[in-house]
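What follows is a set of notes on a single structure, which appears directly below.
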Amino acid sequence: MQHERGQHERGQHERGQHEHGRGWARWGAAAGLSALLALTGAPGSEAAPPQGPTPGAVLRGEGSRDRLGEAEEGGPRVGAVDRRYSTPAAARRTVHDEHARHRHGSPDAGTSGTGTADAATPAAGEVVLDPAVFGSWRRTSYPLPVRAIHATLLRTGKVLLIAGSGNQSSVFEAGTFRAGLLDPSTGAYQPVDPPHDMFCAGHAQLPNGNVLVVGGTRAYPSSTAGWKGSAKVYEFDVATARWIARPSMAHGRWYPSSVQAPSGHVWNFAGTDEAGRRNTRVERYTTTTGALVAKPSWSLPQYPGLLWTAKDRVLYAGTRSSGASGQPGLYHPGTGAVQAVTGITQLSQRRAAATVLAGDATTQRVLVLGGGWPATSSTSVVDLRPATPVGVAGPALATAKAYVGAVNLPTDGSVFQTGGGTGRDTPVFESSVVRGSTVSSMAPNTVPRTYHSSTLLLPDGRVLTLGGDDAGEGFEMQVEVFSPPYLHRGSRPIVTAAPSRMVPGTAYTVTATAAGSTPVSAWLVRPSSTTHAVDPNQRAVRLPATRIAGGLRVTTPSRFLTPPGYHMLFVNDSLGRPSVARWVRVG
Ligand SMILES: [Cu+2]
């Protein structure tokens, strides 16, 4: 089986073992040279996320020293990069310079292996992006320690990165599978190598904060057969940093999606089995015992875009990693009956698209973003509240892209989307915030993020971006972090007391201080566990709240909105600034 079918995709999934292939380095150079982000006036170290960046800090760019002409193979690559400059129209208006181009990079770029940025010196034609409006990007001082194909934010604040064989057949044959824990603030890394090849597994967090990993790679393709999925199941135990073997599934899964139910159990769908066939079996992982329970089957493509709805159905929104969409619909977990969901637009182009619950999960509004092939800038929206949900066209992104990284932001129901590409070798440098029907340009990412890249919200409110796998030998090892505009608006609120555990339907007091403002809202955000632009369990919920002296009285929503497990509790003030999150166990 061909791993990818897009016409922009070339070659097979498999490739060599060099971390910095030539083709990839050339991208890095093109991106670094044509886009150098210099953050000036803001305090800045990765170890100390901004509590209150200097107000008025600016992003400053230079006239482009664009060497795209030197990049090999031109064509779509140049086009993809150029499109970035048509994106931040608002940014150009802001600086009254319709013609200026800007460079982006960072002080750290030169240390990362592929970055070529030098000292950032403002020059004629510079564009200044106000970070309080557009946010800001910064590359970390450390490189990615492992090929992060899979990334999960743990309750400890560390990120579990899983490479397995990392899309390298030689590594698969050698049996040296990789995973580890990254501290995103310092770059500290602790290897926790997995006992089998978890490359292209499914995963989800369990009520106790452990990570369930189902399936992975049983075999790389040969001259006579395609990829084959593993049936193995493991739990990553956060407390001991160990892998715990669980009973295997009935059949293998490679490219499955795992969705946590309101009960806390995790339902596993789709994937390619041990013989290379589509796995239509549905298996529920029982949190308490590790037992797998067969459920009514459902035939879905690889890495289907799923989520559990408040009406206790599983939505398939038509997004997937490859192949035809089939019929989007709502699966009844008791009977297996599937109610069709029509109207989701551009279904044929929703490969490597993102599916997210947009904004407050209470509103049950689903956003489908981008996809291929060819890549589309369109979005589609499904309101899950009517008896017969129907998709409609949503607001268009500024740029066509697949491999969309999308995360819920904790303040106002915004979805931040970034990176992606029109193909695996044609990254797009563009980011925006989607809120309702409005799309607002953000500062563009400067590191390519296409296939096998990941995007996660951190507890400090920043967005971590990782990885990316071109169609050659390379893997993107630069880490880049986005600080949304809300981190550039002065002091943020500080939570002074919050519950460590919240039971659905119960009220709690949360206290917070805020300089010159008032705490006005509280959100619970389920931490990301993502791969291949898929994260079926990500969600943000605004808590019902009343203001009290020094804080808020909040009520925990039902388990259909906040499934059992660890969530990040953010308190936001009247100026739209979020606190650093507190970890709360819900359920
Ligand atoms: Cu893959």
For the range 127-155, give me each residue that is out of contact with any Cys (no Cβ under 9 Å at 6 or more places or on another chain) and of a type in the set (A, V, I, L, M). 127, 128, 129, 132, 133, 144, 146, 148, 151, 153, 154
All but one of (1) buried (at least 23 other Cβ atoms within 10 Å of the Cβ); (2) free of Cβ contacts under 8 Å to residues at least 40 places away in the same chain; (3) within 16 Å of the ligand (Cβ to nearest atom) hold for residue 162; state the number of the condition that does not hold. (2)
Pairs, please: C-beta under 7 Å, at least 6 apart or cross-chain, first residue touching a residue at least 12 places away in the same chain (Cβ under 8 Å) and farther than 9 Å from residue 266 by Cβ and in the range 276-287, second crowded, with 17+ Cβ neighbours inside 10 Å and hydroxyl-bearing (Ser, Thr, Tyr)? 278/272; 279/272
Checking residue 215 against (1) of a type outside the set (Phe, Trp, Tyr); (2) open to solvent by 30 Å² or more (accessible area, probe 1.4 Å); (3) under 24 Å from residue 319 (Cβ atoms); (4) within 16 Å of the ligand (Cβ to nearest atom), only one condition comes out false. Which one? (2)
May I ask you to list the residues in the range 468-506 that are part of a strand (DSSP E or B) and closer than 30 Å to residue 431 by Cβ? 469, 475, 480, 481, 482, 483, 494, 495
Looking at the range 556-564, can you tell me whether even one residue there is open to solvent by less than 60 Å² (accessible area, probe 1.4 Å), assigned to a strand (DSSP E or B) and either away from the ligand (no atom under 16 Å from the Cβ) or within 30 Å of residue 305 (Cβ to Cβ) (or both)? no
Positions within the range 437-464 being small (Gly, Ala, Ser) and part of a loop (DSSP other than H, G, I, E, B), in sequence order: 437, 443, 461
Just to be sure before I move on: is residue 178 charged (D, E, K, R), touching a residue at least 40 places away in the same chain (Cβ under 8 Å), closer than 20 Å to residue 244 by Cβ and open to solvent by 40 Å² or more (accessible area, probe 1.4 Å) in the structure I sent? no
Residue among 406, 443 that is of a type in the set (A, V, I, L, M, F, W, C) and open to solvent by 10 Å² or more (accessible area, probe 1.4 Å): 406
Here are some conditions: (1) away from the ligand (no atom under 16 Å from the Cβ); (2) under 30 Å from residue 214 (Cα atoms). Residue 531 meets all but one. Which one does it not meet? (1)
What number of residues within the range 460-491 are open to solvent by 10 Å² or more (accessible area, probe 1.4 Å), among the hydrophobic types (A, V, I, L, M, F, W, C) and away from the ligand (no atom under 16 Å from the Cβ)? 1
Just checking, which of 286, 309, 335 is open to solvent by less than 20 Å² (accessible area, probe 1.4 Å), more than 16 Å from the ligand (Cβ to nearest atom) and over 30 Å from residue 401 (Cα atoms)? 286
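Kindly evaluate residue 448 against the criterion of being open to solvent by 10 Å² or more (accessible area, probe 1.4 Å) and away from the ligand (no atom under 15 Å from the Cβ). Quick ask: steps written out before the conclusion?
On the way: open to solvent by 10 Å² or more (accessible area, probe 1.4 Å): no; away from the ligand (no atom under 15 Å from the Cβ): yes.
So residue 448 does not fit the description; no.
Would you confirm, using the coordinates I've provided, whether residue 362 is closer than 20 Å to residue 541 by Cβ and either of a type in the set (Val, Ile, Thr) or within 16 Å of the ligand (Cβ to nearest atom) (or both)? Explain how you work it out, then say what you get.
On the way: closer than 20 Å to residue 541 by Cβ: yes; either of a type in the set (Val, Ile, Thr) or within 16 Å of the ligand (Cβ to nearest atom) (or both): yes.
Taking the combined requirement at face value, the residue satisfies it.
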May I ask you to list the residues in the range 145-159 that are open to solvent by 10 Å² or more (accessible area, probe 1.4 Å) and closer than 21 Å to residue 461 by Cα? 155, 156, 157, 158
Filter result (surrounded by fewer than 17 Cβ atoms within 10 Å (Cβ to Cβ) and at negative phi) within the range 492-510: 494, 496, 497, 500, 501, 503, 506, 507, 509
Would you check which residues across the range 542-555 are in contact with a Leu (Cβ under 6 Å, 6 or more places away or on another chain) and crowded, with 24+ Cβ neighbours inside 10 Å and list them? 554
Considering only the range 243-265, state which residues are among the β-branched types (Val, Ile, Thr) and open to solvent by 10 Å² or more (accessible area, probe 1.4 Å). 244
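The values are calculated or read from the model by the stated rules, or taken from the named source; none is laboratory data. Because the structure is a prediction, the values reported are computed rather than measured. Positions of Cβ are generated from backbone atoms using ideal geometry, with glycine treated the same way; all protein chains shown enter the neighbour counts. We work out accessible area using only protein heavy atoms, side chains counted, and drop any ligands, DNA or RNA first. Shrake-Rupley method; radii C 1.70, N 1.55, O 1.52, S 1.80 Å.
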